[in-house]
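Enquirer: The structure is given below, and queries will be raised subsequently.
The values are calculated or read from the model by the stated rules, or taken from the named source; none is laboratory data. Everything numeric in this text was worked out from a predicted model, so none of it was measured. Positions of Cβ are generated from backbone atoms using ideal geometry, with glycine treated the same way; all protein chains shown enter the neighbour counts.
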């Protein structure tokens with residue numbers, strides 16, 4: 001029960017500090033004129049969002065750091081290598097996203113950093129992850145408990161980590177296209193992994209991973225007060241890359257890598273819809289969807305933005321709960 005109490009404390013701290021941070025950060029961002037430039041290829045409804053403040057990921061990133069520090073000082077969080085890893089990835093990808101957002105703001109477009117620069121930075125973060133992980137006795141075995149399957153991947157596990165980190169960060173980034181969509185789905189995903197980490201008592205620092213997840217859930221709930229339709233601020237790549245990196249990291253550290261495809265199922269669907277659309281256009285000169293990723297397809301069909309978000313949240317919640325069932329009991 002103690003870790004449950006700590007998790008609830010972390011969630012509450014994250015939520016309260018996120019609200020306070022939002023009331024401070026939003027006016028500051030407006031004053032600095034750090035605003036979103038919407039792509040000209042997006043529909044007219046989204047063109048109306050042009051100029052909305054961005055870099056809102058700070059509203060949940062800063063509360064995570066403050067809450068972790070507060071809980072460490074009072075002895076509620078244990079400092080260990082797994083917590084170090086998740087913080088390095090979370091902050092590393094957040095910093096990469098901030099650089100990308102900053103470039104977009106300065107140049108008044110939505111291009112940001114080049115693909116090569118992003119990939120090199122992502123690779124560096126993945127290498128830091130793997131080095132710390134292996135130095136502290138991390139295993140290179142991929143396990144599917146439901147099938148009783150174990151595979152020692154050796155050095156291939158480092159490539160697998162890179163694939164998960166890059167794939168998940170890009171998937172979360174792609175999903176960040178409607179007010180509250182990515183934030184709400186992330187709440188459900190981290191809630192699921194918080195429960196999974198909470199039950200992974202054989203893992204070093206499992207309590208810290210669970211508490212981190214619940215703090216982030218609280219921070220995201222606070223952020224949604226400002227990001228739900230109509231959004232007063234966007235999380236930007238600062239937020240989406242940090243969330244994707246942390247999500248993949250916790251999946252790896254709890255040895256529930258494959259459950260990421262279930263818990264983050266909506267992120268996967270969004271990414272697949274974009275890939276299918278690109279292949280269909282380039283190879284067959286035809287569209288499968290009216291517009292990709294798939295949330296834009298529903299917009300083109302005439303769905304209200306809030307209706308799309310609600311439906312995606314419900315799907316995300318159901319998949320997250322299935323992921324918990326798989327991760328805890330199967």
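Enquirer: Which condition breaks for residue 257 when tested against (1) under 16 Å from the mean Cα position of the chain (by Cα); (2) in a helix (DSSP H, G or I); (3) over 14 Å from residue 178 (Cβ atoms)?
Expert: The failed condition is (2).
Enquirer: Let me ask another. Quick check on my filter: what residues within the range 267-292 are outside any loop (DSSP other than H, G, I, E, B) and touching a residue at least 24 places away in the same chain (Cβ under 8 Å)?
Expert: 267, 268, 269, 270, 271, 273, 274
Enquirer: Pick from 178, 191: which is within 17 Å of the chain's Cα centre (by Cα) and not in a helix (DSSP H, G or I)?
Expert: After applying the criteria, what remains is 178.
Enquirer: Also: Can you confirm whether the range 221-233 contains a residue that is outside any helix (DSSP H, G or I), crowded, with 24+ Cβ neighbours inside 10 Å and touching a strand residue (DSSP E or B) at 6+ places or on another chain (Cβ under 7 Å)?
Expert: yes
Enquirer: What pairs come out if I take residues in the range 187-204 that are on the phi > 0 side of the Ramachandran plot and surrounded by fewer than 22 Cβ atoms within 10 Å (Cβ to Cβ) and pair them with residues that are modelled with pLDDT under 90 and not in a helix (DSSP H, G or I) whose C-beta lies under 6 Å away, six or more apart or interchain?
Expert: That search, which allows pairs on different chains as well, returns nothing.
Enquirer: Another one. Out of all the residues in the range 310-330, is one or more part of a loop (DSSP other than H, G, I, E, B), surrounded by 14 or more Cβ atoms within 10 Å (Cβ to Cβ) and out of contact with any strand residue (DSSP E or B) (no Cβ under 6 Å at 6 or more places or on another chain)?
Expert: For the range 310-330, residues part of a loop (DSSP other than H, G, I, E, B), surrounded by 14 or more Cβ atoms within 10 Å (Cβ to Cβ) and out of contact with any strand residue (DSSP E or B) (no Cβ under 6 Å at 6 or more places or on another chain): absent.
Enquirer: What is the number of the single condition among (1) touching a residue at least 60 places away in the same chain (Cβ under 8 Å); (2) within 20 Å of residue 20 (Cα to Cα) that residue 182 does not meet?
Expert: (2)
Enquirer: Assess whether residue 314 counts as being within 29 Å of residue 17 (Cβ to Cβ), out of contact with any helix residue (DSSP H, G or I) (no Cβ under 8 Å at 6 or more places or on another chain) and at pLDDT 95 or above.
Expert: yes
Enquirer: Only one of (1) assigned to a loop (DSSP other than H, G, I, E, B); (2) touching a residue at least 40 places away in the same chain (Cβ under 8 Å); (3) touching a helix residue (DSSP H, G or I) at 6+ places or on another chain (Cβ under 8 Å) is not met by residue 122, so which one is it?
Expert: Among (1) assigned to a loop (DSSP other than H, G, I, E, B); (2) touching a residue at least 40 places away in the same chain (Cβ under 8 Å); (3) touching a helix residue (DSSP H, G or I) at 6+ places or on another chain (Cβ under 8 Å), residue 122 violates only (1).
Enquirer: Also: Would you check if residue 214 is closer than 29 Å to residue 78 by Cα and either under 15 Å from the mean Cα position of the chain (by Cα) or at pLDDT 95 or above (or both)?
Expert: yes
Enquirer: What is the one condition in (1) under 29 Å from residue 158 (Cα atoms); (2) in a loop (DSSP other than H, G, I, E, B); (3) touching a residue at least 12 places away in the same chain (Cβ under 8 Å) that residue 138 does not satisfy?
Expert: It is condition (3) that residue 138 fails.
Enquirer: Of all residues in the range 141-175, count the ones that are in a helix (DSSP H, G or I), without any contact (Cβ under 8 Å) to a residue 40 or more places away in the chain and surrounded by fewer than 20 Cβ atoms within 10 Å (Cβ to Cβ).
Expert: Of the residues in that region, 4 qualify.
Enquirer: Looking only at the range 57-80, filter to residues that are out of contact with any helix residue (DSSP H, G or I) (no Cβ under 6 Å at 6 or more places or on another chain) and part of a helix (DSSP H, G or I); which one of those is surrounded by the fewest Cβ atoms within 10 Å (Cβ to Cβ)?
Expert: Taking the candidates together, the pick is 73.
Enquirer: Now for a different question. Of (1) without any contact (Cβ under 8 Å) to a residue 24 or more places away in the chain; (2) closer than 30 Å to residue 5 by Cβ; (3) within 21 Å of the chain's Cα centre (by Cα), residue 74 satisfies all except one. Which?
Expert: It fails just one condition, (3).
Enquirer: Go through the range 114-140 and report how many residues are within 19 Å of the chain's Cα centre (by Cα) and surrounded by 16 or more Cβ atoms within 10 Å (Cβ to Cβ).
Expert: Here the count works out to 6.
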